[in-house]
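Below: one structure, written as C-alpha coordinates.
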Amino acid sequence: MKTLVLGGYGNFGARICRALAGDANIDLQIAGRNAGQAQRLADALGGRASAVAIDCNASDFAQALAALQVDLVIHTAGPFQEQSYAVAVAAARAGAHYIDLADGRRFVCDFPGQLHGTFQQAGRVAISGASTVPALSSAVVDHLSAGWRSLHAIDICIAPAQTAPRGRATLAAVLSYCGRPVRIWRGGQWTQAPGWATPERVEFKRLHPRIGALCDIPDLELFPARYGVRDRVMFRAALEVAATQRTFAVLAALRGMGLLKRPERLAGILDRISGVFDALGTSKGGMVVRIEGLDAAGDPARRAWHIAADNGDGPEIPCMAAILLARKLAAGDAMAAGAYTAAGLLSLDEFEPEFARWGMLTDIVDEVPAALPQASSTSSTVAQR
(Lines give C-alpha, C1' and ligand atoms only; values in the text may rest on other atoms or scores of the structure.)
Protein backbone atom coordinates (compact mmCIF):
# COMPACT_ATOMS: atom_id res chain seq x y z
CA MET A 1 0.00 0.00 0.00
CA LYS A 2 1.54 3.26 -1.16
CA THR A 3 1.25 5.38 1.98
CA LEU A 4 1.92 9.10 2.17
CA VAL A 5 2.41 10.71 5.60
CA LEU A 6 1.70 14.45 5.53
CA GLY A 7 3.88 16.22 8.07
CA GLY A 8 5.98 13.06 7.96
CA TYR A 9 9.09 14.61 9.52
CA GLY A 10 7.18 16.38 12.33
CA ASN A 11 6.84 15.43 15.99
CA PHE A 12 4.18 12.76 15.39
CA GLY A 13 4.64 12.14 11.68
CA ALA A 14 8.25 11.05 12.09
CA ARG A 15 7.27 8.53 14.75
CA ILE A 16 4.61 7.07 12.47
CA CYS A 17 7.08 6.90 9.58
CA ARG A 18 9.65 5.06 11.70
CA ALA A 19 7.02 2.54 12.74
CA LEU A 20 5.67 1.93 9.23
CA ALA A 21 8.98 1.95 7.35
CA GLY A 22 9.71 -1.68 8.14
CA ASP A 23 6.25 -2.99 7.17
CA ALA A 24 6.46 -5.21 4.09
CA ASN A 25 2.89 -4.24 3.12
CA ILE A 26 3.67 -0.51 3.01
CA ASP A 27 5.51 1.61 0.45
CA LEU A 28 6.19 4.70 2.56
CA GLN A 29 6.39 8.30 1.35
CA ILE A 30 7.48 11.01 3.81
CA ALA A 31 5.75 14.21 2.75
CA GLY A 32 5.85 17.88 3.69
CA ARG A 33 6.75 21.35 2.46
CA ASN A 34 10.45 20.96 3.25
CA ALA A 35 11.97 18.46 0.83
CA GLY A 36 15.30 18.50 2.67
CA GLN A 37 13.81 17.48 6.00
CA ALA A 38 11.75 14.76 4.35
CA GLN A 39 14.83 13.40 2.58
CA ARG A 40 16.93 13.41 5.76
CA LEU A 41 14.38 11.25 7.53
CA ALA A 42 14.10 8.96 4.50
CA ASP A 43 17.89 8.57 4.48
CA ALA A 44 17.90 7.84 8.22
CA LEU A 45 15.41 5.02 7.60
CA GLY A 46 17.93 3.26 5.41
CA GLY A 47 16.20 3.61 2.09
CA ARG A 48 12.92 2.09 3.31
CA ALA A 49 11.05 5.30 2.47
CA SER A 50 11.08 8.04 -0.15
CA ALA A 51 10.69 11.81 0.28
CA VAL A 52 7.98 13.94 -1.33
CA ALA A 53 7.70 17.73 -1.33
CA ILE A 54 4.03 18.67 -1.14
CA ASP A 55 2.12 21.46 0.64
CA CYS A 56 -1.35 20.54 1.85
CA ASN A 57 -2.23 24.25 2.00
CA ALA A 58 -1.28 24.96 -1.62
CA SER A 59 -3.99 25.68 -4.18
CA ASP A 60 -2.82 22.79 -6.36
CA PHE A 61 -2.59 20.25 -3.53
CA ALA A 62 -5.43 18.06 -4.81
CA GLN A 63 -3.85 17.79 -8.25
CA ALA A 64 -0.40 17.12 -6.80
CA LEU A 65 -1.77 14.40 -4.54
CA ALA A 66 -3.67 12.72 -7.37
CA ALA A 67 -0.50 12.67 -9.48
CA LEU A 68 1.30 10.67 -6.76
CA GLN A 69 -1.23 7.81 -7.05
CA VAL A 70 -1.10 6.91 -3.38
CA ASP A 71 -3.36 4.36 -1.68
CA LEU A 72 -3.43 5.92 1.80
CA VAL A 73 -2.93 9.43 3.17
CA ILE A 74 -2.05 9.83 6.87
CA HIS A 75 -2.56 13.45 7.86
CA THR A 76 -0.46 14.56 10.86
CA ALA A 77 -0.06 18.24 9.96
CA GLY A 78 -2.08 19.88 12.74
CA PRO A 79 -3.46 21.76 14.47
CA PHE A 80 -6.85 20.57 13.24
CA GLN A 81 -9.02 22.94 15.29
CA GLU A 82 -9.53 25.39 12.41
CA GLN A 83 -8.76 23.18 9.43
CA SER A 84 -11.21 22.36 6.66
CA TYR A 85 -11.67 18.86 5.23
CA ALA A 86 -9.71 19.76 2.09
CA VAL A 87 -7.03 17.12 2.64
CA ALA A 88 -9.58 14.37 3.20
CA VAL A 89 -11.60 15.43 0.14
CA ALA A 90 -8.41 15.48 -1.96
CA ALA A 91 -7.60 11.97 -0.73
CA ALA A 92 -11.05 10.69 -1.74
CA ARG A 93 -10.76 12.27 -5.19
CA ALA A 94 -7.33 10.69 -5.58
CA GLY A 95 -8.82 7.28 -4.76
CA ALA A 96 -6.95 6.97 -1.45
CA HIS A 97 -7.89 5.93 2.06
CA TYR A 98 -7.44 8.64 4.71
CA ILE A 99 -6.41 8.64 8.39
CA ASP A 100 -5.73 11.67 10.59
CA LEU A 101 -4.55 12.37 14.14
CA ALA A 102 -7.09 15.12 14.72
CA ASP A 103 -8.21 15.95 18.24
CA GLY A 104 -10.22 19.05 17.29
CA ARG A 105 -13.73 18.50 18.58
CA ARG A 106 -15.68 19.87 15.64
CA PHE A 107 -13.26 18.46 13.10
CA VAL A 108 -13.65 14.90 14.43
CA CYS A 109 -17.30 14.94 15.51
CA ASP A 110 -18.55 16.44 12.23
CA PHE A 111 -16.26 14.30 10.07
CA PRO A 112 -18.63 11.36 9.33
CA GLY A 113 -21.60 13.59 8.56
CA GLN A 114 -19.58 15.75 6.19
CA LEU A 115 -17.60 13.07 4.36
CA HIS A 116 -19.32 9.68 4.63
CA GLY A 117 -21.00 9.95 1.23
CA THR A 118 -17.83 11.24 -0.42
CA PHE A 119 -15.79 8.23 0.69
CA GLN A 120 -18.59 5.77 0.00
CA GLN A 121 -18.66 6.98 -3.60
CA ALA A 122 -14.87 6.70 -3.77
CA GLY A 123 -14.99 3.18 -2.30
CA ARG A 124 -12.44 4.18 0.31
CA VAL A 125 -12.21 4.46 4.10
CA ALA A 126 -11.63 7.70 6.03
CA ILE A 127 -10.91 7.77 9.76
CA SER A 128 -10.59 10.89 11.91
CA GLY A 129 -9.26 11.00 15.47
CA ALA A 130 -6.83 8.09 15.12
CA SER A 131 -4.90 9.18 18.17
CA THR A 132 -5.05 9.06 21.97
CA VAL A 133 -8.56 10.49 21.73
CA PRO A 134 -10.96 9.07 20.79
CA ALA A 135 -9.24 5.92 19.40
CA LEU A 136 -7.34 4.79 22.51
CA SER A 137 -9.70 6.36 25.05
CA SER A 138 -12.71 4.52 23.59
CA ALA A 139 -10.76 1.24 23.49
CA VAL A 140 -10.04 1.66 27.20
CA VAL A 141 -13.64 2.50 28.12
CA ASP A 142 -14.89 -0.45 26.06
CA HIS A 143 -12.48 -2.75 27.92
CA LEU A 144 -13.17 -1.42 31.41
CA SER A 145 -16.97 -1.43 31.02
CA ALA A 146 -17.33 -4.81 29.30
CA GLY A 147 -20.39 -6.54 30.79
CA TRP A 148 -21.45 -3.56 32.89
CA ARG A 149 -25.13 -2.66 33.08
CA SER A 150 -24.64 1.09 32.90
CA LEU A 151 -22.06 3.86 32.93
CA HIS A 152 -22.52 6.85 35.21
CA ALA A 153 -19.25 8.71 34.72
CA ILE A 154 -16.11 8.77 32.57
CA ASP A 155 -13.09 10.79 33.63
CA ILE A 156 -9.97 10.94 31.45
CA CYS A 157 -6.71 12.73 32.13
CA ILE A 158 -3.55 12.88 30.04
CA ALA A 159 -0.32 13.78 31.85
CA PRO A 160 2.53 14.57 29.43
CA ALA A 161 6.15 14.47 30.57
CA GLN A 162 7.70 17.90 30.95
CA THR A 163 10.73 16.93 28.87
CA ALA A 164 8.78 15.30 26.04
CA PRO A 165 8.82 17.18 22.70
CA ARG A 166 5.87 19.55 22.52
CA GLY A 167 5.79 21.18 19.11
CA ARG A 168 4.20 24.45 18.07
CA ALA A 169 1.17 22.79 16.46
CA THR A 170 0.33 20.89 19.64
CA LEU A 171 0.59 24.04 21.76
CA ALA A 172 -1.54 25.99 19.29
CA ALA A 173 -4.20 23.30 19.50
CA VAL A 174 -4.45 23.35 23.30
CA LEU A 175 -4.24 27.13 23.49
CA SER A 176 -7.14 27.49 21.05
CA TYR A 177 -9.68 26.57 23.73
CA CYS A 178 -7.83 28.16 26.66
CA GLY A 179 -10.46 30.23 28.49
CA ARG A 180 -13.13 29.49 25.88
CA PRO A 181 -16.46 28.01 27.05
CA VAL A 182 -16.42 24.25 26.54
CA ARG A 183 -19.66 22.29 26.29
CA ILE A 184 -19.59 19.33 28.68
CA TRP A 185 -21.96 16.63 29.94
CA ARG A 186 -22.18 17.16 33.71
CA GLY A 187 -24.94 16.46 36.21
CA GLY A 188 -26.85 14.59 33.53
CA GLN A 189 -27.19 17.64 31.28
CA TRP A 190 -25.23 19.80 28.88
CA THR A 191 -23.51 22.78 30.45
CA GLN A 192 -20.39 24.89 29.92
CA ALA A 193 -17.07 25.45 31.65
CA PRO A 194 -13.98 27.44 30.60
CA GLY A 195 -11.09 25.49 29.10
CA TRP A 196 -7.89 25.22 31.17
CA ALA A 197 -9.48 27.04 34.12
CA THR A 198 -10.05 25.75 37.70
CA PRO A 199 -7.58 22.83 37.69
CA GLU A 200 -8.27 19.87 40.00
CA ARG A 201 -6.06 17.20 41.58
CA VAL A 202 -5.81 13.91 39.65
CA GLU A 203 -4.38 10.65 41.05
CA PHE A 204 -2.25 8.29 38.96
CA LYS A 205 -0.96 4.80 39.70
CA ARG A 206 2.69 5.34 38.74
CA LEU A 207 2.96 9.14 38.61
CA HIS A 208 2.83 11.73 41.34
CA PRO A 209 -0.57 13.47 41.64
CA ARG A 210 -0.99 16.41 39.31
CA ILE A 211 -3.50 19.17 38.82
CA GLY A 212 -5.50 18.76 35.62
CA ALA A 213 -7.68 21.23 33.76
CA LEU A 214 -10.52 20.87 31.27
CA CYS A 215 -9.58 20.52 27.60
CA ASP A 216 -11.96 20.48 24.64
CA ILE A 217 -11.73 17.15 22.81
CA PRO A 218 -14.08 14.93 20.76
CA ASP A 219 -14.72 12.50 23.63
CA LEU A 220 -16.70 15.16 25.51
CA GLU A 221 -19.28 15.10 22.72
CA LEU A 222 -19.01 11.51 21.47
CA PHE A 223 -18.99 9.55 24.73
CA PRO A 224 -22.25 10.66 26.44
CA ALA A 225 -24.30 9.18 23.59
CA ARG A 226 -21.94 6.33 22.68
CA TYR A 227 -21.98 4.93 26.23
CA GLY A 228 -25.28 6.31 27.51
CA VAL A 229 -23.43 8.06 30.34
CA ARG A 230 -25.84 9.14 33.07
CA ASP A 231 -23.92 11.82 34.96
CA ARG A 232 -20.56 13.05 33.67
CA VAL A 233 -17.89 12.91 30.96
CA MET A 234 -14.75 14.89 31.74
CA PHE A 235 -11.36 15.24 30.08
CA ARG A 236 -8.39 16.98 31.67
CA ALA A 237 -4.75 17.57 30.83
CA ALA A 238 -2.29 17.65 33.72
CA LEU A 239 1.09 19.26 33.07
CA GLU A 240 3.96 18.03 35.22
CA VAL A 241 5.26 21.40 36.41
CA ALA A 242 2.57 23.23 38.38
CA ALA A 243 3.87 26.63 37.25
CA THR A 244 3.15 25.81 33.60
CA GLN A 245 -0.32 24.53 34.46
CA ARG A 246 -1.05 27.77 36.32
CA THR A 247 0.24 29.76 33.35
CA PHE A 248 -2.49 28.20 31.23
CA ALA A 249 -5.02 29.04 33.95
CA VAL A 250 -3.88 32.68 33.87
CA LEU A 251 -4.20 32.76 30.08
CA ALA A 252 -7.68 31.28 30.43
CA ALA A 253 -8.62 34.01 32.90
CA LEU A 254 -7.26 36.74 30.61
CA ARG A 255 -9.29 35.39 27.72
CA GLY A 256 -12.35 35.21 29.92
CA MET A 257 -11.92 38.89 30.75
CA GLY A 258 -11.54 39.77 27.07
CA LEU A 259 -7.90 40.79 27.46
CA LEU A 260 -6.49 37.95 25.31
CA LYS A 261 -8.56 37.08 22.25
CA ARG A 262 -6.30 34.53 20.52
CA PRO A 263 -4.09 32.63 23.02
CA GLU A 264 -3.02 30.22 20.24
CA ARG A 265 -0.95 33.04 18.77
CA LEU A 266 1.40 32.60 21.74
CA ALA A 267 2.22 29.01 20.73
CA GLY A 268 5.55 29.89 19.12
CA ILE A 269 6.76 31.91 22.09
CA LEU A 270 5.65 29.32 24.64
CA ASP A 271 7.25 26.53 22.62
CA ARG A 272 10.58 28.36 22.70
CA ILE A 273 10.55 29.19 26.40
CA SER A 274 8.88 26.05 27.79
CA GLY A 275 12.23 24.27 27.93
CA VAL A 276 13.19 26.56 30.81
CA PHE A 277 11.00 24.42 33.07
CA ASP A 278 12.42 21.07 31.92
CA ALA A 279 14.85 20.92 34.84
CA LEU A 280 11.84 20.93 37.18
CA GLY A 281 10.19 17.96 35.48
CA THR A 282 10.97 14.44 34.33
CA SER A 283 10.73 12.26 31.22
CA LYS A 284 7.77 10.38 32.66
CA GLY A 285 4.19 10.86 31.50
CA GLY A 286 0.99 8.89 31.37
CA MET A 287 -2.77 8.75 31.25
CA VAL A 288 -5.66 7.58 33.37
CA VAL A 289 -9.22 6.64 32.39
CA ARG A 290 -11.74 6.18 35.22
CA ILE A 291 -15.27 4.91 34.87
CA GLU A 292 -18.11 4.58 37.36
CA GLY A 293 -21.40 2.76 37.04
CA LEU A 294 -23.16 -0.52 37.72
CA ASP A 295 -21.24 -3.73 37.03
CA ALA A 296 -22.61 -6.98 35.62
CA ALA A 297 -24.25 -7.81 38.94
CA GLY A 298 -25.86 -4.38 39.21
CA ASP A 299 -23.52 -3.26 42.02
CA PRO A 300 -21.85 0.18 42.13
CA ALA A 301 -18.37 -0.07 40.64
CA ARG A 302 -15.42 2.12 39.78
CA ARG A 303 -12.46 1.06 37.63
CA ALA A 304 -9.39 2.85 36.35
CA TRP A 305 -6.87 2.14 33.62
CA HIS A 306 -3.44 3.72 33.91
CA ILE A 307 -0.47 3.90 31.59
CA ALA A 308 3.00 5.24 32.42
CA ALA A 309 5.64 6.04 29.81
CA ASP A 310 9.24 6.91 30.63
CA ASN A 311 12.27 8.15 28.67
CA GLY A 312 10.19 10.82 26.95
CA ASP A 313 8.33 8.14 24.98
CA GLY A 314 4.87 9.46 25.82
CA PRO A 315 4.41 11.09 22.38
CA GLU A 316 4.48 7.60 20.86
CA ILE A 317 1.01 7.00 22.32
CA PRO A 318 -0.86 9.51 20.11
CA CYS A 319 0.71 7.81 17.06
CA MET A 320 -0.28 4.22 17.86
CA ALA A 321 -3.84 4.22 16.56
CA ALA A 322 -2.83 5.59 13.15
CA ILE A 323 -0.04 3.02 12.94
CA LEU A 324 -2.38 0.14 13.82
CA LEU A 325 -5.11 1.27 11.44
CA ALA A 326 -2.63 1.79 8.58
CA ARG A 327 -1.29 -1.71 9.08
CA LYS A 328 -4.81 -3.14 9.06
CA LEU A 329 -5.66 -1.38 5.79
CA ALA A 330 -2.35 -2.42 4.23
CA ALA A 331 -2.95 -6.03 5.26
CA GLY A 332 -6.29 -5.97 3.47
CA ASP A 333 -8.56 -6.05 6.53
CA ALA A 334 -12.06 -5.38 5.25
CA MET A 335 -13.82 -2.21 6.37
CA ALA A 336 -16.93 -0.69 4.82
CA ALA A 337 -16.26 2.35 2.66
CA GLY A 338 -17.19 5.65 4.28
CA ALA A 339 -16.04 8.21 6.83
CA TYR A 340 -15.82 7.44 10.56
CA THR A 341 -14.45 8.69 13.83
CA ALA A 342 -11.85 6.37 15.31
CA ALA A 343 -13.99 5.65 18.39
CA GLY A 344 -14.47 1.91 18.75
CA LEU A 345 -12.35 0.89 15.75
CA LEU A 346 -9.55 -0.69 17.82
CA SER A 347 -9.53 -2.86 20.93
CA LEU A 348 -7.24 -2.31 23.91
CA ASP A 349 -5.63 -5.68 23.18
CA GLU A 350 -4.49 -4.35 19.80
CA PHE A 351 -2.61 -1.54 21.54
CA GLU A 352 -0.82 -3.83 24.00
CA PRO A 353 2.08 -4.84 21.68
CA GLU A 354 2.76 -1.17 21.02
CA PHE A 355 2.84 -0.41 24.75
CA ALA A 356 5.24 -3.31 25.26
CA ARG A 357 7.46 -2.12 22.40
CA TRP A 358 8.16 1.08 24.32
CA GLY A 359 8.32 -0.46 27.79
CA MET A 360 5.13 1.27 28.91
CA LEU A 361 3.40 -0.09 32.01
CA THR A 362 -0.37 -0.35 32.30
CA ASP A 363 -2.54 -1.10 35.32
CA ILE A 364 -6.24 -1.78 35.79
CA VAL A 365 -7.42 -0.88 39.28
CA ASP A 366 -10.78 -1.70 40.81
CA GLU A 367 -11.34 1.32 43.03
CA VAL A 368 -13.83 2.01 45.78
CA PRO A 369 -17.03 3.56 44.37
CA ALA A 370 -17.62 7.03 45.77
CA ALA A 371 -20.92 5.93 47.32
CA LEU A 372 -19.29 3.16 49.37
CA PRO A 373 -17.44 3.61 52.71
CA GLN A 374 -13.67 3.89 52.52
CA ALA A 375 -13.32 0.83 54.76
CA SER A 376 -14.05 -1.26 51.67
CA SER A 377 -10.83 -0.09 50.03
CA THR A 378 -9.03 -3.27 51.09
CA SER A 379 -10.91 -5.09 48.33
CA SER A 380 -9.27 -3.06 45.57
CA THR A 381 -7.19 -5.07 43.12
CA VAL A 382 -4.58 -4.21 40.54
CA ALA A 383 -3.93 -5.94 37.23
CA GLN A 384 -0.45 -5.05 35.94
CA ARG A 385 0.78 -5.42 32.40
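Within region 252-291, which residues are under 28 Å from ALA308 (Cα atoms) and modelled with pLDDT of 75 or more?
If the condition is that a residue be under 28 Å from ALA308 (Cα atoms) and modelled with pLDDT of 75 or more, then THR282, SER283, LYS284, GLY285, GLY286, MET287, VAL288, VAL289, ARG290, ILE291 are the ones that fit.
Here is a check on your reading of the model: is ASP110 among the acidic types (Asp, Glu), in contact with a helix residue (DSSP H, G or I) (Cβ under 8 Å, 6 or more places away or on another chain) and open to solvent by 30 Å² or more (accessible area, probe 1.4 Å)? Break it down stepwise before answering.
On the way: among the acidic types (Asp, Glu): yes; in contact with a helix residue (DSSP H, G or I) (Cβ under 8 Å, 6 or more places away or on another chain): no; open to solvent by 30 Å² or more (accessible area, probe 1.4 Å): yes.
So ASP110 fails the test.
For region 7-49, enumerate the residues that are among the aromatic types (Phe, Trp, Tyr) and touching a residue at least 60 places away in the same chain (Cβ under 8 Å). First the steps, then the outcome.
Step one: of region 7-49, the residues among the aromatic types (Phe, Trp, Tyr) are 9, 12.
PHE12 - this is the single residue of region 7-49 that is among the aromatic types (Phe, Trp, Tyr) and touching a residue at least 60 places away in the same chain (Cβ under 8 Å).
Which residue, of ARG93, ARG15, ARG40, ARG33, is of a type in the set (Lys, Arg) and modelled with pLDDT under 95? Steps first, please.
Values: ARG93 fails: modelled with pLDDT under 95; ARG15 fails: modelled with pLDDT under 95; ARG40 fails: modelled with pLDDT under 95.
Only one candidate passes the filter, namely ARG33.
Could you identify the single residue in TYR98, TYR9, TYR85 that is under 21 Å from the mean Cα position of the chain (by Cα) and within 18 Å of GLU316 (Cβ to Cβ)? It would help to see each step written out before you state the result.
Values: TYR98 fails: within 18 Å of GLU316 (Cβ to Cβ); TYR85 fails: within 18 Å of GLU316 (Cβ to Cβ).
Every option except TYR9 fails the conditions.
In region 54-102, what count of residues is obtained for those that are β-branched (Val, Ile, Thr), assigned to a helix (DSSP H, G or I) and open to solvent by less than 20 Å² (accessible area, probe 1.4 Å)? Lay out the reasoning, then the answer.
Going through region 54-102, the residues β-branched (Val, Ile, Thr) turn out to be 54, 70, 73-74, 76, 87, 89, 99.
Checking the rest, the ones that are also assigned to a helix (DSSP H, G or I) come to 87, 89.
Next, only the ones that are open to solvent by less than 20 Å² (accessible area, probe 1.4 Å) stay: 87.
Residues meeting the conditions: 1.
Would you pick out the residues in region 193-211 that are within 22 Å of SER176 (Cβ to Cβ) and over 20 Å from the mean Cα position of the chain (by Cα)?
Within region 193-211, ALA193, PRO194, ALA197, THR198, PRO199, GLU200 meet the criteria.
Here's a check for you: in region 238-249, which residue that is surrounded by fewer than 23 Cβ atoms within 10 Å (Cβ to Cβ) and in contact with a strand residue (DSSP E or B) (Cβ under 8 Å, 6 or more places away or on another chain) is nearest to CYS178 (Cα to Cα)?
First, the residues of region 238-249 that are surrounded by fewer than 23 Cβ atoms within 10 Å (Cβ to Cβ): 241-247, 249.
Retained after the next criterion (residues that are in contact with a strand residue (DSSP E or B) (Cβ under 8 Å, 6 or more places away or on another chain)): 242, 245, 249.
Numbers: ALA242: 16, GLN245: 11, ALA249: 8 Å.
In this case the residue turns out to be ALA249.
Report the residue count in region 240-255 for those that are within 14 Å of LEU266 (Cβ to Cβ), among the aliphatic types (A, V, I, L, M) and free of Cβ contacts under 8 Å to residues at least 40 places away in the same chain.
Residues in region 240-255 being within 14 Å of LEU266 (Cβ to Cβ), among the aliphatic types (A, V, I, L, M) and free of Cβ contacts under 8 Å to residues at least 40 places away in the same chain: 1 in total.
Given the conditions (1) in contact (Cβ under 8 Å) with a residue 12 or more places away in the chain; (2) more than 26 Å from LEU361 (Cβ to Cβ); (3) in contact with a strand residue (DSSP E or B) (Cβ under 8 Å, 6 or more places away or on another chain), report the number of the one that PRO263 does not fulfil.
(3)
Would you mind telling me which numbered condition in (1) closer than 27 Å to GLY332 by Cα; (2) at pLDDT 95 or above ALA77 fails?
The one condition ALA77 does not meet is (2).
Might you let me know whether region 157-171 holds any residue that is among the basic types (Lys, Arg), in the same structural domain as CYS17 (by the TED database) and assigned to a helix (DSSP H, G or I)?
Taking region 157-171 as the starting set, the residues that turn out to be among the basic types (Lys, Arg) are 166, 168.
Right, trim to in the same structural domain as CYS17 (by the TED database) and you get none.
No, region 157-171 contains no residue that is among the basic types (Lys, Arg), in the same structural domain as CYS17 (by the TED database) and assigned to a helix (DSSP H, G or I).
Among the residues of region 16-45, which ones are part of a loop (DSSP other than H, G, I, E, B) and open to solvent by 30 Å² or more (accessible area, probe 1.4 Å)? Give the steps one after another, and end with the answer.
Initially, region 16-45 is screened for residues part of a loop (DSSP other than H, G, I, E, B), giving 21-26, 33-34, 45.
Within region 16-45, GLY22, ASP23, ALA24, ASN25, ARG33, ASN34 qualify.
Quick check on region 110-140: of everything there that is in a helix (DSSP H, G or I) and touching an Asp or Glu at 6+ places or on another chain (Cβ under 9 Å), which residue is farthest from ALA343 (Cα to Cα)?
PHE111
Looking at this structure, is THR191 open to solvent by 30 Å² or more (accessible area, probe 1.4 Å), in the same structural domain as GLN245 (by the TED database), within 21 Å of ILE291 (Cα to Cα) and not in a helix (DSSP H, G or I)? Walk me through it before giving the result.
On the way: open to solvent by 30 Å² or more (accessible area, probe 1.4 Å): yes; in the same structural domain as GLN245 (by the TED database): yes; within 21 Å of ILE291 (Cα to Cα): yes; not in a helix (DSSP H, G or I): yes.
In short, yes.
The values are calculated or read from the model by the stated rules, or taken from the named source; none is laboratory data. Bear in mind that the values here come from a model prediction, so they are computed numbers and not experimental data. Note: ideal-geometry Cβ built from the backbone for every residue, glycine included; neighbour counts use all protein chains shown. Each accessible area value is taken on the protein alone, full model and side chains, heavy atoms only, with ligands, DNA and RNA left out. Shrake-Rupley method; radii C 1.70, N 1.55, O 1.52, S 1.80 Å.
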